[in-house]
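Taking it in order: structure first as structure tokens, then the write-up.
Readers should treat all values here as calculations from the given coordinates under stated rules, not as data from a laboratory. None of the values given here were measured: they were computed from a predicted structure. Note: ideal-geometry Cβ built from the backbone for every residue, glycine included; neighbour counts use all protein chains shown.
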Amino acid sequence: MGLFSRKPKLPAAARPPLADAERVLAWAAAGEAGGPGAGVLVATNLGLWLPGRDARLGWHDVLKAVWSGRELTVTPAERLAERAGYVLVADGPAETYLLLEPGELPHQVRARVTRSVAYTQHHPVPGGAGRIAARRVPGADGLTWTVRYDPGTPADDEAVVAETDRLVAAARAATAPTDL
């Protein structure tokens, strides 16, 4: 590619229904990789459009994104319950896409997911452990707090819920702006 070469434009037929302030940052065609069928992945300032989905996956809803050099595997957050001040999440089904010409897409996914994380800490709780995270949501003020328990942690146990509530409250207090 030359110095003044432009990246190929996203074909109109592959363009997702973007919101007013949403803009395309990168895109790549996907082939079969043992996961969902072929299609186009589109990274925007607000999230990631994946083949076979009719809604954008917000950057704050991507728990993991792994680039192997050929395949991009995305693990979305699955919302389990709303609790006071946070949402309980678990790993949704991972989706893997073969990208033969990835372009800037893997870089944009990594940068955007990483940038959305404002706080993350793993804590022990009675009978297990969990990760508390605060994520930035494009277009929303403040942080969105989530908790993802390790497998085997009794999520509905009263002692676990009480300790989690305490840990989230402490993390929120520690990250609150002090110049208000």
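For the reader, a short list of remarks on this structure follows.
- Taking the helices alone, the chain has a mean residue ellipticity at 222 nm of -5500 deg cm²/dmol, built from -39,500 (n - 2.57) per DSSP H run of at least 4 residues and averaged over all its residues.
- Both radii were evaluated on the Cα set of region 92-163; the Rg over Rh quotient, with Rh as the Kirkwood radius, amounts to 1.10.
- Distance in nm between pseudo-label sites at Ala90 and Val137 (7 Å out along the Cβ direction from Cα): 2.2
- The modelled label-to-label distance between Lys9 and Ala129, using points 7 Å beyond Cα along the C-beta direction, is 5.1 nm.
- Distance cut-off 24 Å, percentage of C-alpha pairs in the chain lying past it: 45
- Between 0 and 90°, nearest 10: helix 158-175 axis offset from the chain longest Cα axis: 70
- Taking 7 Å steps out from each Cα toward its Cβ at Val117 and Ala21 produces label points 2.5 nm apart.
- Sites Arg166 and Thr75 - FRET efficiency at Förster radius 22 Å, r taken between beta-carbons, to 0.05: 0.20
- Take each peptide in 98-105, 58-65, 168-175, count the other Cβ atoms within 10 Å of every residue, and average; sorted highest first, the result is 58-65, 98-105, 168-175.
- Total formal charge among the other residues, if their Cβ is under 14 angstrom from that of Arg148, Lys/Arg +1 and Asp/Glu -1: +1
- Angle of helix 105-116 to the longest C-alpha principal axis of the chain, folded into 0 to 90 degrees and rounded to 10: 30°.
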